[in-house]
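Asks: Take a look at the following structure, please.
The values are calculated or read from the model by the stated rules, or taken from the named source; none is laboratory data. Note that the structure is predicted; figures quoted are calculated from it, not measured. No Cβ is skipped: glycine too gets one built from the backbone with ideal geometry, and neighbour counts run over all protein chains shown.
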Amino acid sequence: MATYSHSKVSTFENCPYHYKLKYIDKIKVDVPTTIEAFMGDIVHRTLEKLYKDKKFKKRVSKSTLLKFYKDTWDKEYSGDILIVKKDLKAENYKKMGIKFIEDYYDRMKPFDQLTILGLETQDKMTLSNGDQWHIRIDKLACDSKGNYYVCDYKTNARMKNQEEADSDRQLALYSIWVKDKFKDAKSVKLVWHMLAFNKDAVSERTDKQLKKLQEEVINLINQIKKAEKENNFPRKVTALCDYCVYKSICPSFKHQLEVEEKPLKEFKEDEGVKFVDEFAEIKNKLKELQNKQDELKKNLIEFAKQKGVDAVYGSNMKCSVKEFDKVVLPEGEEKDKFIQLLKDKGLWEDYVTLNYMKLNSKITKKEIDEELRKMVDIVKDFRLSLGKRKDVEDE
Ligand code: SF4
């Protein structure tokens, strides 16, 4: 049975191809991490130190903690860490982390509201399908009344609202483990310390909700297993790609990163750039021509009507303009009735056509009868589509 974690299944949900690179191919890249993840990691370690030192009755001063944070940052920071927001520097993130720790320290001091049961836990639980699930709780605590607290430090720049807290999967799954491990638990509260806002978001789940959640996770795991079996990991291009450490080797961005390093002259000389520019130009011209053709068609019809003719003559060609009866099929409910009537009268087979697009999708996704699949050939083809580059401003 395999082991899964919140970050593993989230990676698959966000982009199956990223999942493949990270967990199957185990690709190492030049970009070690993003600045957000780097800062978040050191903040986590600093707050872990706070509670560890307290457990061993060491004096926990704010200045000691901040020194630990700054020293760790200086020791581990490297220039290849990815900073996506171009108007910010590493120093800005370092200062943000300092503020998070200061605010948390001032708000929580003297840190004895709860009994700490675990920090950065590394346990596992068995899901109902037999797979293992990693339990990584930043801070697990309880009070004297039998309430347990699964706490997570968040360095996000956006406050978690109640709806998001109530639908969050990560901590909710951990509460299954807590309920199982601590039989005296009267309640398990899920707490997100939103450090950027110096506030907490809190949620709690019923057993029924947890059962449903576990089923959803198992369903997701089954999708991962299916993708692994079929070696089918499509790319999902979203805003998250800006933070992806595999961007430079991802087929959806590799060429972009290659050419954006080039000076303008070399950029314009790049074969791919030239192909796309020309392709886009031709597409635009075709669109213009199509519009022009539609306009000419209208003019010719009008001209023929006015003159009372059904052929208009040019220098070398003539254009016949013939009026004909065009059938417009009914829509909505009437359409259903129309189809039913065709069937009732035994005419359906004569006029129905195959929906190729739908059939193509069902066959390639293996969602159709095996006997039918065996009768078709599947060959490789390409579909080209032009889109605006989101990283380039309009001229
Ligand atoms: S850059 Fe985007 S599409 Fe490519 S692997 Fe990363 S997340 Fe997936």
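Asks: Please tell me if Ile35 is surrounded by 12 or more Cβ atoms within 10 Å (Cβ to Cβ), aliphatic (A, V, I, L, M), farther than 24 Å from Lys247 by Cβ and touching a Leu at 6+ places or on another chain (Cβ under 8 Å).
Replies: Values: surrounded by 12 or more Cβ atoms within 10 Å (Cβ to Cβ): yes; aliphatic (A, V, I, L, M): yes; farther than 24 Å from Lys247 by Cβ: no; touching a Leu at 6+ places or on another chain (Cβ under 8 Å): yes.
Spelling it out, it is not the case that Ile35 is surrounded by 12 or more Cβ atoms within 10 Å (Cβ to Cβ), aliphatic (A, V, I, L, M), farther than 24 Å from Lys247 by Cβ and touching a Leu at 6+ places or on another chain (Cβ under 8 Å).
Asks: I've got another one for you. Return the only residue of Asp53, Asp71 being free of Cβ contacts under 8 Å to residues at least 40 places away in the same chain, among the acidic types (Asp, Glu) and surrounded by 14 or more Cβ atoms within 10 Å (Cβ to Cβ).
Replies: Working: Asp71 fails: surrounded by 14 or more Cβ atoms within 10 Å (Cβ to Cβ).
Sole residue among the options that is free of Cβ contacts under 8 Å to residues at least 40 places away in the same chain, among the acidic types (Asp, Glu) and surrounded by 14 or more Cβ atoms within 10 Å (Cβ to Cβ): Asp53.
Asks: How do the pairs read when you match residues in region 215-242 that are not assigned by TED's automatic domain parsing to the domain that holds Arg169 with residues anywhere that are near the ligand (Cβ under 10 Å from one of its atoms) and small (Gly, Ala, Ser), using Cβ under 7 Å and keeping only pairs 6 or more apart or on different chains?
Replies: Pairs found: Arg235/Ser252; Val237/Ser252.
Asks: Another one. Take the residues in region 11-44 that are free of Cβ contacts under 8 Å to residues at least 12 places away in the same chain and more than 18 Å from the chain's Cα centre (by Cα); name whichever of them is nearest to Leu65 (Cα to Cα).
Replies: Asp41
Asks: Checking Ile116 against (1) modelled with pLDDT under 95; (2) over 24 Å from Val188 (Cα atoms), only one condition comes out false. Which one?
Replies: It is condition (2) that Ile116 fails.
Asks: Something else: Find the residue count for region 137-168, including only residues that are under 25 Å from the mean Cα position of the chain (by Cα), surrounded by 15 or more Cβ atoms within 10 Å (Cβ to Cβ) and of a type outside the set (Gly, Ala, Ser).
Replies: Looking only at that region, the number is 10.
Asks: Further question: Got a sec? Which of Phe275, Phe303, Phe279, Phe267 is touching a residue at least 40 places away in the same chain (Cβ under 8 Å) and either within 37 Å of the chain's Cα centre (by Cα) or surrounded by 11 or more Cβ atoms within 10 Å (Cβ to Cβ) (or both)?
Replies: The conditions single out Phe279.
Asks: Just checking, which of Asp277, Asp242 is within 16 Å of the ligand (Cβ to nearest atom) and assigned to a helix (DSSP H, G or I)? First the steps, then the outcome.
Replies: Details: Asp277 fails: within 16 Å of the ligand (Cβ to nearest atom).
Exactly one of Asp277, Asp242 is within 16 Å of the ligand (Cβ to nearest atom) and assigned to a helix (DSSP H, G or I), namely Asp242.
Asks: Another one. So in region 221-236, with the set limited to residues that are loosely packed, with under 15 Cβ neighbours inside 10 Å and not basic (Lys, Arg), which one is nearest to the ligand (Cβ to nearest atom)?
Replies: Pro234
Asks: Could you tell me which residue of region 238-248 is nearest to Asp25 (Cα to Cα), considering only residues that are of a type in the set (A, V, I, L, M, F, W, C) and surrounded by 14 or more Cβ atoms within 10 Å (Cβ to Cβ)?
Replies: That would be Val245.
Asks: Can you go through Leu329, Leu384, Leu354 and tell me which one is touching a residue at least 24 places away in the same chain (Cβ under 8 Å) and exposed (fewer than 10 other Cβ atoms within 10 Å of the Cβ)?
Replies: Details: Leu329 fails: touching a residue at least 24 places away in the same chain (Cβ under 8 Å); Leu354 fails: touching a residue at least 24 places away in the same chain (Cβ under 8 Å).
Matching residue, one of Leu329, Leu384, Leu354: Leu384.
Asks: Looking at region 19-35 only, could you name the residues that are farther than 16 Å from Lys226 by Cα and within 15 Å of the ligand (Cβ to nearest atom)?
Replies: Listed by number, the residues that qualify are Leu21, Lys22, Asp25, Lys26, Ile27, Lys28, Val29, Asp30, Val31, Thr33, Thr34.
Asks: Among the residues of region 189-203 satisfying the criterion of being charged (D, E, K, R) and in contact (Cβ under 8 Å) with a residue 24 or more places away in the chain, which is farthest from Leu173 (Cα to Cα)?
Replies: Applying the filter and picking the extreme gives Lys199.
Asks: If you don't mind, another one. Answer yes or no: is there a residue in region 298-319 that is modelled with pLDDT of 95 or more and within 23 Å of Gly387 (Cβ to Cβ).
Replies: Among the residues of region 298-319, not one is modelled with pLDDT of 95 or more and within 23 Å of Gly387 (Cβ to Cβ), which makes the answer no.
Asks: Before we move on, is Asp143 over 26 Å from Arg169 (Cα atoms) and either of a type in the set (Asp, Glu) or in contact (Cβ under 8 Å) with a residue 40 or more places away in the chain (or both)?
Replies: Working: over 26 Å from Arg169 (Cα atoms): no; either of a type in the set (Asp, Glu) or in contact (Cβ under 8 Å) with a residue 40 or more places away in the chain (or both): yes.
No: the conditions fail for Asp143.
Asks: Regarding region 62-71, can at least one residue be identified that is within 20 Å of Met159 (Cα to Cα), away from the ligand (no atom under 16 Å from the Cβ) and over 29 Å from the mean Cα position of the chain (by Cα)?
Replies: There is no residue in region 62-71 that is within 20 Å of Met159 (Cα to Cα), away from the ligand (no atom under 16 Å from the Cβ) and over 29 Å from the mean Cα position of the chain (by Cα).
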